[in-house]
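**Student:** Before we start, here is the structure in question, set down as structure tokens.
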Amino acid sequence: MHEETKSFHKNNTYELMKLPKGKRALKNKWVLRWKPGPNRSQPRYKARLVVKGFSQKKCNDFEEIFSPMVKMSSIRVVLGLVANMNLEIEQLDVKTIFLHGDLEKEIYMEKPKGFTIKGKEHLVCRLKKSSYGLKQAPRQWFLSNPGKDHWAVMKWILRYLRGTSKTCLCFETDKLVLVGCTNADMARDVDSKKSTSGYFITFSWGAVSWQSKL
């Protein structure tokens, strides 16, 4: 818990101040968990301060909350390329990643339980950066402080996608093969006469995406 609080102060996540008239402070809670260590070593104990974002109100506390996400099928394709081309892959883990996104809305939070400063019991936390539990936290981290270089790259990607919308992938070796199969049982359900359909896609002989539905 002390380590989590240090991360809040280091990232300048909030500042203490009086709650303005007409504003409300969101509640929070500590989420405690432990992660088993590798090879039965000493487990790691973690604490996360989570804002109770379910009480947020649209337009008052947030606007858009959509955030682009990476699909697991894309990760599987990358892993297939790495395995077949004998490449190396590296993983980057950003600590307290949601604490880096600047907030656009004026949001207040009650002080974390157990960390009340003497003489400042009546103050609340005005959040300057996003925190775990806020509805807009994933989006704010993704859009954190975009500069001219970021927008230039975004425009380049959009121009590339527009110019290659009719371009397909072609692999010159028989090892990197993208195969898709689909099938349906043709109204096999006796009651509803619906069909169970599905698809199965492999890349480099490894499954990357699949689905079956009625």
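**Student:** Determine, from the Cβ-Cβ distance of His9 and Trp151 and an R0 of 45 Å, the FRET efficiency 1/(1 + (r/R0)^6), rounded to the nearest 0.05.
**Tutor:** Numbers: r = 31 Å, r/R0 = 0.70.
E between His9 and Trp151, to the nearest 0.05, is 0.90.
**Student:** Can you tell which of Met85, Met69, Met17 shows the greatest fluctuation in a Gaussian network model of the chain with Cα springs below 10 Å?
**Tutor:** Met85
**Student:** Same structure, new question: Ignoring ligands, DNA and RNA, what percent of the 1.4 Å accessible area of the chain is carbon and sulfur?
**Tutor:** Solvent-exposed carbon and sulfur of the chain make up 56 percent of the total.
**Student:** Would you mind getting the accessible area per residue of the range 49-141, heavy atoms of the protein chains only, 1.4 Å probe, in Å²?
**Tutor:** 67 Å²
**Student:** Right, here's the next one. Can you give me the span-like helices of the chain, meaning DSSP H runs with 15 Å or more of Cα extent along the axis and Kyte-Doolittle mean at or above 0.5?
**Tutor:** Length and hydropathy pass: 72-84.
**Student:** Could you report the accessible area of Arg159 in Å², rounded to 10, computed with a 1.4 Å probe on the protein chains as they sit in the structure?
**Tutor:** Surface open to solvent at Arg159 totals about 150 Å².
**Student:** Report, in deg cm²/dmol and to the nearest 500, the calculated mean residue ellipticity at 222 nm for the chain, where each DSSP H run with n ≥ 4 adds -39500 (n - 2.57) and the sum is divided by the residue count.
**Tutor:** -6000 deg cm²/dmol
**Student:** Any idea what diffusion coefficient the chain gets from Stokes-Einstein, in µm²/s, Kirkwood Rh on alpha carbon pairs, 37 °C, 0.692 mPa s?
**Tutor:** Translational diffusion coefficient: 148 µm²/s.
The values are calculated or read from the model by the stated rules, or taken from the named source; none is laboratory data. Since the structure is predicted, the reported quantities are computational estimates derived from the model, not experimental observations. Neighbour counts run over all protein chains shown; Cβ positions are idealised from the backbone, glycine included. The protein model used for the area step is the full one, side chains on, heavy atoms only, and it has no ligands, DNA or RNA in it. Shrake-Rupley method; radii C 1.70, N 1.55, O 1.52, S 1.80 Å.
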